[in-house]
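Reading through the structure tokens given below for one structure.
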Amino acid sequence: MEKSNQNLRDRLKGINVYLIGMMGAGKTSVGRLLAQHLDYHFFDTDAVIEQVAKKSINEIFASDGEESFRKLESQVLSELSAYTKLAIATGGGIILKRENWSYLQHGLVVWLDVPVELLVARLQNDTTRPLLKNADIATEFPKRFEQRKPLYAQADLHITVGEGQTPEQIATQVIEAIPAVLKPKPDNNGQ
């Protein structure tokens with residue numbers, strides 16, 4: 001697989017790969033693996049936001065509110081998009097601001113589409129996500145997903161994730177799908 005990964009790296013020409021999708025979709029786990037396969041660096045926008053703000057996402061939401069978090073998120077995305085050869089796991093709501101699409105579209109955008117029932121099961125007991133606090137996840141989450149779905153659908157690649165798939169299997173699925181959305185390589189005559 002190493003030779004095919006080298007060919008894929010050559011065809012990507014260093015453009016960043018952005019993973020989008022709902023919280024709990026596995027963007028961080030899959031992003032780390034993609035970075036390894038592509039010999040890219042990996043960043044998680046939420047982790048970078050926490051480093052910049054010197055507080056957790058929960059603390060940002062509690063003390064400064066969601067709007068302040070979204071501004072930081074856009075700032076971090078802007079700065080990361082200035083680099084190349086990055087695999088970037090984004091927050092589930094990054095697609096909500098039009099400004100963020102201007103950064104995402106400079107790279108390859110991959111939507112990890114996980115069935116909402118599976119996401120609800122994964123997140124049922126998760127207390128680390130501020131948007132799930134004090135929410136009835138079984139009713140709130142499907143609504144949020146339906147609102148975001150048209151935005152996620154603007155991705156270059158739509159990867160449907162099935163129950164029981166490992167992050168490694170999903171990363172392989174992404175790698176195998178990327179060539180289909182890249183411009184074809186010119187033939188030996190330069191065409």
Review point. So residue 183 fits all but one of (1) modelled with pLDDT under 95; (2) of a type outside the set (Ser, Thr, Tyr); (3) under 16 Å from residue 17 (Cα atoms); (4) touching a Phe, Trp or Tyr at 6+ places or on another chain (Cβ under 7 Å); what number is the exception?
Key: (4)
**Study point:** In the stretch 1-43, residue modelled with the highest pLDDT [restricted to those that are surrounded by fewer than 19 Cβ atoms within 10 Å (Cβ to Cβ) and of a type in the set (D, E, K, R)]
**Key:** 32
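Rundown of residues vs (1) modelled with pLDDT under 95; (2) of a type in the set (S, T, N, Q); (3) at negative phi, yes/no style:
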| position | (1), (2), (3) |
| --- | --- |
| 85 | no, no, no |
| 90 | no, yes, yes |
| 126 | yes, no, yes |
| 140 | yes, no, yes |
| 146 | yes, no, yes |
Exercise for review: List the number of the failed condition for residue 120; all other conditions in (1) buried (at least 17 other Cβ atoms within 10 Å of the Cβ); (2) touching a residue at least 24 places away in the same chain (Cβ under 8 Å); (3) closer than 25 Å to residue 143 by Cβ hold.
Suggested key: (2)
Check your understanding: Hey, among 78, 102, which residue is among the hydroxyl-bearing types (Ser, Thr, Tyr), within 18 Å of residue 156 (Cβ to Cβ) and part of a helix (DSSP H, G or I)?
Key -> 102
Point to revise | Residue count for the stretch 147-164, restricted to those that are crowded, with 17+ Cβ neighbours inside 10 Å, more than 17 Å from residue 97 (Cβ to Cβ) and either polar (S, T, N, Q) or in contact with a Phe, Trp or Tyr (Cβ under 9 Å, 6 or more places away or on another chain) (or both) | key: 3
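The values are calculated or read from the model by the stated rules, or taken from the named source; none is laboratory data. Source: prediction; values computed, not measured. Methodologically, a virtual Cβ is constructed for each residue, glycine included, from the backbone with ideal geometry; neighbour enumeration extends over all protein chains shown.
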